[in-house]
Every structure is written in C-alpha cells, then in structure tokens.
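A.B. asks: Dropping the structure in here first, questions after.
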Amino acid sequence: MRGAEIAAVQYVNDGSRPCRITGVPTAQLLRGGKAVGQQSQPNGSRARAYTIAPGDVGESLLRDFSSCNAPLSDAVRVTVPRPDGSRRTTTEPIELRACVLRLAPVGPPA
C-alpha cells in the first residue's frame, strides 16, 4: 500500500481468566509523552467482541497513512475497551509519522 505503514498491535492475555475486548481499540501517537496528530479512527470493519484465552494473543492492524509531512512519534498509546465500560491503556515505543491512523478490531493473529 503506497504511502502507508502497517504495524501489528498484539494483545497478550497474561492473566488466568479469559479477557474479553469489545469494540475497537484506539491508538494515539506520542512524542516526548505528548500527543502528536489525531487519535486513530476505526478502519471501517465491523466492531465485534473478541475473547483472548489465558496465554493467548489477539491482534489488530494499525495503518498509518504516512503521506503527509507530520512529525514522527516515539511511542503509541493504545486504549482497549472492556465489556464493563472500563478501558485499559498501554504505551509502547514505535516510530510512525503522525498522519492518518486507522486501527482494526481485535481478532486472531494473522
């Protein structure tokens, strides 16, 4: 895909109970701990609930349409919706251009 970078965002269930994710996670690129660019939008796929068994992995693809001249990130903050309405957030290092982000729903690893 021209002008796009793709990163696999993996969700590891390191707990002892199944983890259910509802809806589509969001991603926000960061530089020096501050947001750069806009928060991700869903990629257009239908959101669905997905359960990750203990020790298993779920995955969603983050597409960065990097055809603009925006600054580079040094991290991404991913927020995952839960069935009870709460959210879990994690921040991981990554370098992407802060253009247009699209994040797919969570499913099995590709």
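A.B. asks: Only residues that are touching a residue at least 24 places away in the same chain (Cβ under 8 Å) and in a loop (DSSP other than H, G, I, E, B): list them for the range 84-110, please.
C.D. replies: Passing the criteria: Ile94, Leu96, Ala98, Cys99, Ala104, Pro105, Val106, Pro108, Pro109, Ala110.
A.B. asks: Only residues that are aliphatic (A, V, I, L, M) and either closer than 20 Å to Gly44 by Cβ or exposed (fewer than 13 other Cβ atoms within 10 Å of the Cβ) (or both): list them for the range 77-110, please.
C.D. replies: Val78, Val80, Leu96, Val100, Leu101, Leu103, Ala104, Val106, Ala110
A.B. asks: Among the residues of the range 28-53, what is the count of those that are assigned to a strand (DSSP E or B), out of contact with any Phe, Trp or Tyr (no Cβ under 7 Å at 6 or more places or on another chain) and under 12 Å from Val106 (Cβ atoms)?
C.D. replies: Here the count works out to 3.
A.B. asks: Is at least one residue of the range 58-74 part of a strand (DSSP E or B), surrounded by 14 or more Cβ atoms within 10 Å (Cβ to Cβ) and among the aliphatic types (A, V, I, L, M)?
C.D. replies: yes
Rule-based calculations on the coordinates, nothing more; no lab input. As the structure is a computational prediction, the values presented were derived from the model and not from experiment. With ideal geometry, Cβ positions are generated from the backbone for all residues, glycine too; neighbour counts draw on all protein chains shown.
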